[in-house]
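Engineer: Next up is a structure, given as structure tokens.
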Amino acid sequence: MKKNEKVLNNDKFLLSLFLLFPISILIGNFAINLSILLISSIFIVTLINKKNQICIDKKTLLLLLFFFSSLVINLIFSKDIYLSGPRVVKFFLIIFFILSFRHLLLNFNNTQITKLYKIWSIILSIIILDLIFEFFIGNNIIGLKSIMPGIRLASFTGEESVIGHFFSGFILLFLSYFNYRLPNNRILNLLLAIFAIGIAFIIGERSNFIKTFIIIFFFIVFVYEVQLRVKILFISMLLIFFSIFINFSNEAFKIRYFVQMKRVFQEGGINYYLDHTQYGAHYNVAYEIFKDNPVFGVGIKNFRIESANKKYNDLKHSQNKLRVATHPHQLHYEFLAESGIFGYLSFLIFIFISLFRSIKSYLLNRNNFQLSSILFVAVSILPLLPSGSFLSTYSSSIFWINYAIMMGYINTRNN
């Protein structure tokens, strides 16, 4: 087989792996890691075969290497390097994973790339149908149940019950694909967006619902060419529907979405949330860990050990006994506790320059797939709202595929 044919076959295999990447996320950590390893390895082989023929965006590469370097430096000061090491090594592979998506955009035409979003949309459509089935029946189509039946839905994530993050990570790409296929059917596109908010709502993951609502709201504002009063009318009707639904839903659902959330929006509600919830206890001990290790933190993935340290047993927090966790459940506290001010500032520099470059690209080309990922990445760094561990396998896979799309479209013909 000729060298060029090998490269072409590698590119086709690379595209196939990206086509199936959402499924690997649903299967679990082993499948995610295997997909990232295969994608990265194939791209490295392609780099070697094509040598100087591959066009890599140097600014994106420098940003990724900058962030990677901050993680490597963090290793030196990690309290348990055996916990931190695998996450840092994995990010090295993620660099090639991110660069490989741009490679696809440069080597396949628009029709072939659109097929990628079509497959992803089909996968998400199946999940939506599965969620509706679970909402009414109590389990999904293959019998999996949520850890909180009747309150949260799980779909194919079963007892992990993290489908809300997956839904949030792919829903705008789903809406972008339908808007691409049906650009003139404005009302149908708007109705589909409103329907998507409804699905996020019944999933029952409050933090992910808020994030999903925010990104779909801005997507509606920026993308759909519908009169502003029509957009406001639809969103108002949706909020009224939610209010009615909550009032007539089961008591547990009403407490989670109305009673508990209402308290947060009252006077002093944020302080109440920080001082009287388990999440607040995580944030509190994370802040104390940061104060004790302000420059470099305790090391990536070391919060799980340090939060159990006896010296934090007497912290003044009503839920301090619940402080111990695998991560602080909030990105900013996680970086402060585990990587200190050095790692935190490095991350902020990395993410804000990335957003600036991608937003600048979007304003020039108006690519809605790129906008979708920009909105997801932006909402992922919101403070206060609970989140998964940033460098964990499941959460990071959804973040980095969106980051790859966001950065991949910069200076490519697919714009």
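The values are calculated or read from the model by the stated rules, or taken from the named source; none is laboratory data. Here the structure is a predicted model, which means the values were calculated and not measured. Neighbour counts run over all protein chains shown; Cβ positions are idealised from the backbone, glycine included. Note: areas computed on protein heavy atoms with side chains; ligands, DNA, RNA excluded. Shrake-Rupley method; radii C 1.70, N 1.55, O 1.52, S 1.80 Å.
Engineer: What Rg and what Dmax come out for the stretch 365-408 when only alpha-carbon atoms are used, in angstroms?
Structural biologist: 11.1, 33
Engineer: In Å, the Kirkwood hydrodynamic radius of the stretch 28-93 over pairs of distinct alpha carbons? Intermediate results must be reported in sequence, preceding the final value.
Structural biologist: Working: mean 1/r = 0.0729 Å⁻¹.
It works out to 13.7 Å.
Engineer: Would you mind checking the pairs 12/118; 115/360; 12/59 and listing those with alpha carbons more than 24 angstrom apart?
Structural biologist: With Cα atoms farther than 24 Å apart: 115/360; 12/59.
Engineer: Separate question: Rounded to the nearest 0.05, what FRET efficiency is calculated for residue 292 and residue 240 with R0 set to 41 Å and r the Cβ-Cβ distance? The partial results should precede the final answer.
Structural biologist: On the way: r = 49 Å, r/R0 = 1.18.
FRET efficiency, residue 292 to residue 240: 0.25.
Engineer: How high is the relative contact order of the chain, in percent, counting Cα pairs under 8 Å that sit 6 or more residues apart?
Structural biologist: Working: 546 pairs, mean separation 82.1, N = 415.
Relative contact order here is 20 percent.
Engineer: Right, next: Using the Kirkwood formula over every pair of different C-alpha atoms, what hydrodynamic radius in Å results for the chain? Kindly include the intermediate steps, with their values, before the conclusion.
Structural biologist: On the way: mean 1/r = 0.0443 Å⁻¹.
Roughly 22.6 Å, rounded to one decimal.
Engineer: Also, I was wondering about something else. Hey, can you find the accessible area per residue of the chain for me, probe 1.4 Å, expressed in square angstrom? Can you show the working numbers first?
Structural biologist: Details: 19270 Å² over 415 residues.
Dividing the accessible area of the chain by its residue count gives 46 Å².
Engineer: In the chain, carbon and sulfur make up what percent of the accessible area (probe 1.4 Å)? Spell out each step's value before the answer.
Structural biologist: Numbers: 12480 of 19270 Å².
Within the chain, the accessible surface is 65 percent carbon and sulfur.
Engineer: Turning to a different aspect of this structure: Of 63, 243, 386, which is farthest on the positive side of the dipole of the chain, counting Cα position, with +1 on Lys and Arg Cβ, -1 on Asp and Glu Cβ, and the Cα centre as origin?
Structural biologist: 63
Engineer: Then there is this: Work out the P(r) tail for the stretch 83-176: percent of alpha carbon pairs separated by more than 23 Å, whole number.
Structural biologist: On the way: 2033 of 4371 pairs.
Of all Cα-Cα distances in the stretch 83-176, 47 percent exceed 23 Å.
Engineer: Just from its helices, what would the mean residue ellipticity at 222 nm be for the chain, if runs of 4 or more DSSP H residues each count -39500 (n - 2.57) and the sum is divided by every residue, rounded to the nearest 500 deg cm²/dmol? Write out the running numbers ahead of the final one.
Structural biologist: Numbers: 18 runs with 297 residues, N = 415.
Calculated at 222 nm, the ellipticity per residue is -24000 deg cm²/dmol.
Engineer: Counting only GluC sites (Glu not before Pro) that sit in a DSSP loop (anything but H, G, I, E, B) with at most 12 other Cβ atoms within 10 Å, what is the longest stretch of the chain containing none of them?
Structural biologist: On the way: sites that count: 225, 267.
In the chain, the maximal stretch lacking such sites is 1-224.
Engineer: Please name whichever of 78, 38, 101 sits farthest to the positive end of the charge dipole of the stretch 14-117, dipole taken about the Cα centre and charges placed at Cβ: Lys and Arg +1, Asp and Glu -1.
Structural biologist: It is 101, whose Cα lies furthest towards the positive end.
Engineer: Take the Cα pairs of the stretch 1-132, get the Kirkwood Rh, then feed it into Stokes-Einstein at 20 °C and 1.002 mPa s and tell me D in µm²/s. Could the numbers behind the result be given before it?
Structural biologist: Values: Rh = 16.6 Å.
So the translational diffusion coefficient is about 129 µm²/s.
Engineer: Next up: To one decimal place, what orientation-averaged projected area in nm² is obtained for the convex hull of the Cα set of the stretch 280-414?
Structural biologist: Projected over every direction and averaged, the Cα hull of the stretch 280-414 covers 8.3 nm².
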